[in-house]
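Below: one structure, written as structure tokens.
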Amino acid sequence: MMSPFEMNRNLDYLEEVLKTVPAYVEAFQAVFGGEITRQRVAMAIAAFERTLLSRDTPLDRHLRREPGALSSRQRAGLDLFLGKAGCAMCHNGPNLTDEQFHNLGVPEDPKAQEDPRVLATARFVAKVSGFPDYRTLRDDPGRFLVTKDPVDWKTFATPPLREVAATAPYMHNGALRTLEEVIDFYDRGGGDDPKKSPLLKPLGLTREEKEALKDFLAGGVSGTVLEIHPPRVP
Ligand code: HEC
């Protein structure tokens with residue numbers, strides 16, 4: 001709640017500001033039998049996040065052998081995902097992630113690098129992670145910040161691909177704006193970094209293959225969208 005990357009809120013202020021919203025005062029009373037505290041706010045957020053599940057996507061129904069769950073083009077996209085395009089080497093399992101870290105050579109986003117707020121946030125995180133040269137840092141060191149092991153330089157977690165149509169822009173820094181750009185990026189064999197993963201190779205996808213893969217990602221892995229109407233916080 002305090003992280004500048006997340007809510008950037010002072011906790012004393014957060015408690016007071018939430019207490020000015022009658023709907024939250026009542027809801028905390030009903031659920032916790034007491035007033036709003038930072039601990040209860042954290043518990044409420046955690047409980048809320050556990051309800052945000054992606055389920056019953058066309059891919060889930062296809063895997064349950066429901067006929068016609070995926071369109072024929074989406075099925076062609078799934079075949080590419082599992083085969084020629086090699087996506088499932090890293091995006092596999094129930095959430096389409098191997099839960100590992102890889103360097104894909106994702107380019108830095110020049111616009112973000114010029115934004116002093118992004119730079120200050122990146123340097124703040126580097127500083128509290130004990131990175132000695134944090135003031136001259138321009139590139140995002142990725143997992144290296146946590147492990148300080150050179151093999152982790154610019155590696156990032158494989159993200160789940162459930163609901164990916166709704167999570168643009170893509171990659172850790174949002175450098176790729178659309179699913180088309182992501183597919184073109186993989187088709188080129190990833191970025192220029194000499195230390196990028198050896199799993200990435202130019203794919204030689206045809207235009208039809210790119211469209212099938214996009215159709216699968218855009219429509220095949222999205223489930224029912226939850227509608228949320230939270231009370232307004234001043
Ligand atoms: C070597 C492992 C690997 C392979 C192979 C791979 N990915 Fe990824 N994928 C990743 C990692 C790691 C990231 C996160 C990179 C980052 O944040 O900079 C990612 C990110 C993505 C994202 C962005 C998700 C988001 O929410 O930002 C999409 C979409 C994606 N991959 C689709 C694919 C497709 C389609 C293929 C096949 C053409 C593929 N991936 C192949 C590891 C892989």
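The values are calculated or read from the model by the stated rules, or taken from the named source; none is laboratory data. Just so it is clear, the structure is predicted and the values come from calculations on it, not from any experiment. Counting neighbours? That spans all protein chains shown, and the Cβs are built from the backbone with ideal geometry, glycine included.
State all residues of region 28-63 that are farther than 30 Å from Val17 by Cα and of a type in the set (Ser, Thr, Tyr); if no residue qualifies, say none. Across region 28-63, the qualifying residues are Ser54, Thr57.
With respect to (1) out of contact with any Leu (no Cβ under 9 Å at 6 or more places or on another chain); (2) more than 20 Å from Leu226 (Cα to Cα); (3) not in a loop (DSSP other than H, G, I, E, B), the lone exception for Arg65 is condition (3).
Let's see how each residue does on (1) more than 17 Å from Arg75 (Cα to Cα); (2) modelled with pLDDT of 95 or more:
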| position | (1), (2) |
| --- | --- |
| Ala157 | yes, yes |
| Ala175 | yes, no |
| Glu181 | yes, yes |
| Asp187 | yes, yes |
| Asp193 | yes, no |
| Pro198 | yes, yes |
| Phe216 | no, yes |
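Count of region 162-179 residues, restricted to those that are within 6 Å of the ligand (Cβ to nearest atom) and in a loop (DSSP other than H, G, I, E, B), is 3.
Each residue in region 116-146 was checked for being β-branched (Val, Ile, Thr) and surrounded by fewer than 14 Cβ atoms within 10 Å (Cβ to Cβ), and 3 of them qualify.
Of all residues in region 207-226, those that are farther than 19 Å from Pro94 by Cβ and within 11 Å of the ligand (Cβ to nearest atom) have Cβ atoms under 8 Å from Cβ atoms of residues that are at pLDDT 95 or above and part of a loop (DSSP other than H, G, I, E, B), 6 or more apart or on another chain, in Glu209/Lys84; Glu209/Ala85; Leu213/Ala85; Leu213/Leu205. Checked against the criteria, Arg40 counts as assigned to a helix (DSSP H, G or I), in contact with a Phe, Trp or Tyr (Cβ under 7 Å, 6 or more places away or on another chain) and farther than 30 Å from Ala126 by Cβ. Of all residues in region 208-225, those that are more than 18 Å from the chain's Cα centre (by Cα) and surrounded by fewer than 19 Cβ atoms within 10 Å (Cβ to Cβ) total 3.
For Asp109, the criteria (1) within 17 Å of the chain's Cα centre (by Cα); (2) modelled with pLDDT of 95 or more hold in every case but one, which is (2).
Quick check on Val118: is it in contact with a helix residue (DSSP H, G or I) (Cβ under 7 Å, 6 or more places away or on another chain), of a type outside the set (D, E, K, R) and either near the ligand (Cβ under 10 Å from one of its atoms) or under 26 Å from Ser54 (Cα atoms) (or both)?
On the way: in contact with a helix residue (DSSP H, G or I) (Cβ under 7 Å, 6 or more places away or on another chain): yes; of a type outside the set (D, E, K, R): yes; either near the ligand (Cβ under 10 Å from one of its atoms) or under 26 Å from Ser54 (Cα atoms) (or both): no.
The answer is no for Val118.
Of all positions in region 90-102, none carries a residue that is over 14 Å from Val221 (Cα atoms), of a type outside the set (Lys, Arg) and over 17 Å from the mean Cα position of the chain (by Cα). Would you please name the residue that is farthest from the ligand (Cβ to nearest atom), looking only at residues in region 180-202 that are surrounded by fewer than 19 Cβ atoms within 10 Å (Cβ to Cβ) and of a type outside the set (D, E, K, R)? Of everything passing the filter in region 180-202, Pro194 is farthest from the ligand (Cβ to nearest atom).
Could you tell me whether region 68-83 includes any residue that is aromatic (Phe, Trp, Tyr), within 18 Å of the chain's Cα centre (by Cα) and either assigned to a helix (DSSP H, G or I) or assigned by TED's automatic domain parsing to the domain that holds Phe185 (or both)? No, region 68-83 has no match at all. Only one entry of Asp184, Asp140 meets the criterion of being of a type in the set (Asp, Glu), in contact with a helix residue (DSSP H, G or I) (Cβ under 9 Å, 6 or more places away or on another chain) and not in a loop (DSSP other than H, G, I, E, B), and that entry is Asp184. Just the residues that are more than 18 Å from Trp153 (Cα to Cα) and more than 10 Å from the ligand (Cβ to nearest atom), please, taken from region 93-112. Scanning region 93-112 gives Gly93, Pro94, Asn95, Pro110, Lys111, Ala112.
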